[in-house]
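Just below is one structure, and these are the notes that go with it.
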Amino acid sequence: MQSSILLKVDSVTKLFPGVRALDNVTFEVRAGEVHALVGENGAGKSTLMGVASGALMADEGSVAICGERVLGDPEVARDLGLAIVRQEPALMPDLTVSENLYLGVPPRCRPPINQTKQWARELLGRWSQDVSVDPGDRVNTLNPEQRFIVEIVKALAAEPKVLVLDEPTEHLLPEDVERLFQRIKQVTARECAVVYISHRIREVQKVADRLTVLRDGQGQGTYDATSMDEHRIVELIVGGELDREFPAKAAGTDSEPRVLEVKDLRGPGFSNVNMHVRRGEIVGLAGIDANGQREFMRALAGILPSSGHLSINGKKASNANPIKATSSGIRYLPGDRHQEGILAELSVRENFSLRSLFKDLAAGLTSRRNETQRAQQAVDQFAVKTPNVETPIGSLSGGNQQKLVLASVLAGDPKVLLVDEPTQGVDIGTRMEIYKTLRQVASRGVAVIVVSSDQQEIAGLCDRVMIFSRGHVVKELSGPEVVESKITAAVLTSTTTRERTSSSTSGFWKWTAGDLAPIIMLAIAIIALGAYTGSVNEYYFTERNLAGVLPLVATLALVAFGQQILMLVGGIDLSVGPLMGLVLVLQSFFLIEGAPPETQALGWTIVLGVVVLVGTLNWILVDPLKMHPMVATLVTFMALQAVSLQLRPIPGGLFSDGVLESLDSTIGLVPLTLAAAVILGFALEFGLFRSRWGLSFRGLGSRPEAARVAGIKPRMTRLGAYIGCSLFAGLAAIPMMAQVGSGDPNSGTSYTLTSIAAVVIGGASLFGGRGSFIGALLGALLITQVNVVTSFLGVTDAWQSYLLGGMILASVALYSKSRQMAVAK
Ligand SMILES: Nc1ncnc2c1ncn2[C@@H]1O[C@H](COP(=O)(O)OP(=O)(O)OP(=O)(O)O)[C@@H](O)[C@H]1O
């Protein structure tokens with residue numbers, strides 16, 4: 001009996017501007033089978049799986065998962081049992097591994113939210129006992145290999161009925177590839193359907209039961225994979241015969257001059273490396289990953305710090321930083337294409353020319369004609385599939401991006417070419433073209449060094465191979481020794497135990513990049529400033545001073561909470577200040593002496609309505625109308641200011657004594673309003689890290705596309721954030737009433753900037769995804785303190801601005817530096 005069909009893609013057509021990515025494709029996967037999807041770069045494999053997983057909407061045709069139709073909704077596809085490992089993991093970088101895993105699985109597979117870390121640890125442990133990923137690590141501190149492991153673990157944790165693996169092994173070590181194959185066996189044994197996309201034919205032969213070939217967006221048939229040899233599969237992919245011989249190796253290079261000479265180079269992860277590359281040679285660096293070969297290459301490129309001696313063509317060269325390395329003639333093709341190789345939003349032309357812009361300069365200006373011509377030539381030479389050179393590179397298929405980055409690196413006329421994973425994601429035909437190109441480059445006198453996890457590639461391409469182990473070159477293979485079996489044997493015998501990926505990040509930077517650091521540093525600054533002012537002026541810690549200052553903290557903290565909510569999702573609200581002013585103006589008509597309770601209640605109702613309306617309006621401008629949040633909320637800023645001035649051209653309407661007295665209530669020395677703000681701050685902080693809304697807000701701000709795939713509703717979440725921000729601005733206006741006393745239309749304006757300052761000092765990222773309510777509270781406290789201490793210290797008010805400006809600068813510099821330093825290389 002034939003097993004049931006769990007994924008059916010029926011007659012699907014998908015168009016992108018200028019490209020028919022899929023043309024009437026039909027594809028089905030049965031329960032318990034591994035179905036490989038193969039084809040050249042740009043054939044449409046990822047697009048087909050994008051349509052199947054609901055991430056893309058088909059123009060024609062239909063998709064059914066377990067018999068149910070899916071139409072462009074990733075959450076529905078996921079709930080029906082589809083899990084996908086993408087070429088670029090759909091992870092939210094500012095969230096931790098455990099938070100990503102939690103959001104990444106359907107609700108039925110999630111643990112109670114307070115047990116997320118333990119659950120994530122178990123999942124990672126099930127992958128491997130010596131996995132080098134901690135559930136508490138933030139994803140942006142992981143290297144590509146670790147990110148892929150998290151992505152795979154996430155897909156497996158969803159207990160899928162259909163598992164899609166889109167080039168899952170491009171960044172994996174051999175032992176993890178084996179682990180993946182084991183897991184595939186396990187899931188197919190429980191009748192899961194697996195789609196396996198790969199350019200590595202040997203892998204396809206090893207795991208696939210059937211295979212479907214795509215070429216230029218069209219299906220080329222489905223075959224039984226078990227009986228097919230490598231040659232036949234390649235023929236089907238390219239649609240004909242293919243020259244699969246590696247280009248001939250260099251002969252007699254022993255007497256050639258040395259192009260590159262490296263002496264005693266040492267740096268993070270490697271030491272005392274001596275090597276050279278002769279004219280015409282390609283030298284490979286091999287070893288189990290994290291044994292120093294990649295670090296050595298990155299140090300040569302000036303990306304990692306190093307010390308030692310370097311000469312190129314007999315002249316002393318510098319690799320002190322990437323700029324110096326580049327001017328010495330060293331060019332680097334990064335292994336992490338998504339993070340370091342491409343600028344996704346920029347066009348193919350710009351991505352091509354950015355490494356060789358000097359060739360397009362005429363009288364100090366870039367010649368667009370020249371640039372376009374060169375980019376077009378590169379596209380033709382490397383057969384990059386793109387509608388034209390103005391297409392954003394991010395919309396090209398992975399392999400086509402890789403070809404363009406290589407073309408761009410070569411256009412910089414390197415003397416030394418460093419290539420990390422030259423053919424990642426590249427189809428078999430182009431792979432051979434890249435090998436030929438590298439050989440030609442070497443024969444022109446460029447020193448070529450290659451790092452690759454594919455030992456067949458190293459063996460076929462390189463003249464000499466240096467084996468790295470624990471940061472040292474332990475063996476050198478040359479001539480007839482450069483064959484796959486010998487390289488593998490040398491690699492395996494030189495390192496018996498694998499070391500955990502070492503991180504060169506110092507503990508200090510790791511700590512400052514954490515969530516607690518801003519809070520602790522702010523607390524220290526507040527205590528130090530208070531202690532110093534108290535020691536200089538005895539009146540600072542008096543009851544009178546505190547009674548004046550603390551309510552101001554409550555006002556600023558509340559509006560800062562609102563700003564923080566919005567900044568988490570990547571927004572910003574300039575209208576909060578005038579909104580606070582408008583609330584005061586409105587209430588100055590209702591909360592006056594002698595107003596009956598109904599009138600007061602009406603005032604509150606109107607204020608609530610206005611606040612919600614303003615939040616919604618801001619959202620409409622930003623989300624459906626796609627205005628930049630700064631511009632949108634600047635418009636609202638002006639509109640609200642105008643309304644306030646219309647209602648009260650000059651301040652007026654005194655609030656009743658009863659209202660002011662109740663706002664002035666205290667618990668001991670602490671104003672009730674501040675106590676309420678502190679409690680709210682702690683509650684919000686708890687929610688931020690321990691509730692689904694907190695995760696959703698941070699996830700959306702961190703990476704919207706990944707958040708959408710994880711089932712977070714971007715629109716509703718942003719609407720919630722905008723309304724939440726306005727509500728907190730409205731709330732902040734309540735303690736402000738007691739401070740202002742009447743309806744003053746200009747009273748709130750300054751809070752726009754100070755609320756932004758408070759959250760930034762408190763550790764929030766202006767790009768979204770990170771922040772803290774306790775941080776915002778302490779930021780508010782510090783800013784208020786700075787505004788007050790100048791008079792106690794006997795310095796001019798100008799110092800308020802100096803100090804505040806200095807604090808913003810110092811905190812932003814420190815946070816961004818630490819977040820950069822904590823990222824794994
Ligand atoms: N978002 C997009 N916008 C415009 N064009 C796109 C987009 N995504 C894919 N394409 C185009 O659709 C075609 C198919 O791309 P796809 O990524 O599906 O290929 P692929 O078979 O997965 O290739 P690779 O093996 O290189 O990953 C390519 O020409 C690509 O440039």
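Could you tell me the distance between the Cα centroids of the range 425-452 and the range 555-570, to the nearest Å?
Taking the Cα centre of each part, the range 425-452 and the range 555-570 sit 52 Å apart.
Starting from the eigenvalues of the Cα gyration tensor, five times each then square-rooted, give me the equivalent ellipsoid semi-axes of the range 340-413, largest first, whole Å.
Details: eigenvalues 74, 27, 26 Å².
Ellipsoid semi-axes (Å, largest first): 19, 12, 11.
Apply the Karplus parameterisation 6.51 cos²θ - 1.76 cosθ + 1.60, with θ equal to phi minus 60°, to every residue of the range 419-426 and state each ³J(HN,Hα) to the nearest whole Hz, in sequence, with x for glycine and proline.
Result, rounded to whole Hz: 10, 9, 6, x, 10, 5, x, 9.
Find the relative contact order for the chain and round it to a whole percent, using C-alpha pairs within less than 8 Å whose residues are 6+ positions apart. Present the calculation step by step, with values, prior to reporting the outcome.
Working: 1623 pairs, mean separation 109.8, N = 825.
Relative contact order here is 13 percent.
Just want the answer: with Cβ charges of +1 for Lys and Arg and -1 for Asp and Glu, which residue in A554, T790, T386 is farthest toward the dipole's positive end in the chain?
The listed residue farthest towards the positive side: T386.
Measuring from label point to label point, each 7 Å out along Cα→Cβ, what is the L15 to L173 span in nm?
About 4.9 nm separates the two model spin labels.
Taking the C-alpha atoms of the range 5-238, how large are the radius of gyration and the largest Cα-Cα span, Dmax, in Å?
17.2, 53
How much of the calculated P(r) for the range 508-821 lies past 23 Å, in percent of all Cα pairs?
Values: 28078 of 49141 pairs.
Cα-Cα pairs of the range 508-821 separated by over 23 Å account for 57 percent.
Only helical DSSP H runs with n ≥ 4 go in: add -39500 (n - 2.57) per run for the chain, normalise by residue count and round the 222 nm mean residue ellipticity to 500 deg cm²/dmol.
Values: 30 runs with 398 residues, N = 825.
Helix contribution divided over all residues of the chain: -15500 deg cm²/dmol.
Any idea what diffusion coefficient the range 198-346 gets from Stokes-Einstein, in µm²/s, Kirkwood Rh on alpha carbon pairs, 37 °C, 0.692 mPa s?
Using the Kirkwood radius from Cα pairs, D works out to 172 µm²/s.
Mind ranking 132-141, 175-184, 393-402 by how tightly packed they are, going by the mean number of other C-beta atoms within 10 angstrom, highest first?
In decreasing order of mean packing, 132-141, 175-184, 393-402 become 393-402, 132-141, 175-184.
Using θ = phi - 60° and the Karplus curve 6.51 cos²θ - 1.76 cosθ + 1.60, what whole-Hz ³J(HN,Hα) does each residue of the range 511-517 get, with Gly and Pro shown as x?
5, 5, 7, x, 6, 7, 4
To the nearest 20 debye, what charge dipole does the range 340-413 have about its Cα centre, counting +1 at the Cβ of each Lys and Arg and -1 at the Cβ of each Asp and Glu?
I would put it at about 160 debye.
How big is the dipole moment of the chain about its Cα centre under a simple scheme where the beta carbon of each Lys and Arg is +1, that of each Asp and Glu is -1, and everything else is neutral? Debye, nearest 20, please.
Dipole magnitude for the chain comes out near 1300 debye.
Over the range 340-413, what relative contact order in percent results from Cα pairs under 8 Å that are six or more residues apart?
With pairs under 8 Å counted, the relative contact order is 48 percent.
With charges only on Cβ, +1 for K and R and -1 for D and E, what is the dipole size of the range 502-656 about its Cα centre, in debye, rounded to 20? Don't skip to the end; give the middle numbers.
Working: 4 positive and 7 negative charges, 59 e Å.
Result for the range 502-656 is approximately 280 debye, rounded to the nearest 20.
Which residues' amide hydrogens lie under 5 Å from the amide hydrogen of G61, considering only partners 5 or more residues apart or on another chain, with H built in the peptide plane?
Amide H to amide H, under 5 Å and 5 or more residues apart or across chains, G61 pairs with T13.
Answer rounded, prolate or oblate for the range 523-613, using the Cα gyration tensor with square roots of eigenvalues a ≥ b ≥ c: rounded when a/c is under 1.5, else prolate when a/b is larger than b/c, else oblate.
oblate
What FRET efficiency comes out for the pair K185/A675, r = Cβ-Cβ distance, R0 = 60 Å, nearest 0.05?
Numbers: r = 60 Å, r/R0 = 0.99.
The calculated FRET efficiency here is 0.50.
What is the distance, in nm, between label points placed 7 Å from the Cα along the Cα-to-Cβ direction at D657 and at K713?
The two pseudo-label positions are separated by 5.1 nm.
Would you kindly compute the Cα radius of gyration of the chain and its largest Cα-Cα separation (Dmax), both in Å?
When restricted to the Cα atoms of the chain, Rg and Dmax are 30.7, 103 Å.
Alpha carbon centre of the range 1-52 versus the range 319-380: separation in Å?
35 Å
Please state the shape class of the range 362-452: rounded when a/c is under 1.5, otherwise prolate if a/b exceeds b/c and oblate if not, all from the C-alpha gyration tensor.
In terms of gyration-tensor shape, oblate.
Cα axis of helix 174-189 to longest principal axis of the chain: angle in degrees, 0 to 90, nearest 10?
With rounding to tens, the tilt is 80 degrees.
For the pair Q377/N24, report the inter-label distance in nm, with labels modelled 7 Å from Cα in the Cβ direction.
Computed distance between label sites Q377 and N24 equals 4.1 nm.
Would you mind checking the tilt of helix 484-494 against the longest principal axis of the Cα atoms of the chain, expressed as 0 to 90 degrees and rounded to 10?
Between helix and principal axis, roughly 50 degrees.
Specify the inter-centroid distance of the range 69-125 and the range 643-684, based on alpha-carbon positions, in whole Å.
Centre-to-centre (Cα) distance: 43 Å.
Between T222 and V812, what FRET efficiency follows from the Cβ-Cβ distance if R0 is 35 Å, with the result rounded to 0.05?
Details: r = 55 Å, r/R0 = 1.58.
It comes out at approximately 0.05.
Which of rounded, prolate, oblate describes the range 668-825, given a ≥ b ≥ c as roots of the alpha-carbon gyration tensor eigenvalues and a/c under 1.5 marking rounded, otherwise prolate only if a/b is larger than b/c? Before the final figure, lay out the partial values.
Numbers: a/c = 2.14, a/b = 1.37, b/c = 1.56.
Oblate, since a/c reaches 1.5 and b/c is not below a/b.
Long-range amide H contacts for G284: which residues qualify at under 5 Å (H placed 1.01 Å from N, peptide plane, sequence gap of 5 or more or a different chain)?
Correct list: V450, D463, R464, V465, M466.
With angles folded into 0 to 90 degrees, how steeply does helix 714-740 sit against the dominant principal axis of the chain? Use alpha carbons for both and round to 10.
30 degrees
I'd like to know which of G425, A776, P74 lies farthest towards the positive end of the charge dipole of the chain, counting +1 on Cβ of Lys and Arg and -1 on Cβ of Asp and Glu.
The Cα lying farthest towards the positive end belongs to G425.
Which one of L101, G54, T13 is farthest out on the positive end of the charge dipole of the range 1-124, using unit charges on Cβ (Lys, Arg +1; Asp, Glu -1) and the Cα centre as origin?
Comparing the listed Cα positions along the dipole, L101 ranks first.
State the extension gain, in nm to one decimal, for the chain segment bounded by I113 and R202, taking 0.36 nm per residue of separation less the distance between their alpha-carbons.
27.9 nm
By DSSP, what percent of the beta bridges with both residues in the chain are antiparallel, rounded to the nearest 5?
Bridges in the chain that DSSP calls antiparallel: roughly 60 percent.
List the chymotrypsin sites (Phe, Trp or Tyr not before Pro) within the range 532-607 that DSSP assigns to loop and that have no more than 16 neighbouring Cβ atoms inside 10 Å.
Y539, F541
Any read-out appearing in this document is the output of simple, stated calculations on the displayed coordinates, not a laboratory observation. Since this is a predicted model, take the numbers as computed values, not measurements. Counting neighbours? That spans all protein chains shown, and the Cβs are built from the backbone with ideal geometry, glycine included.
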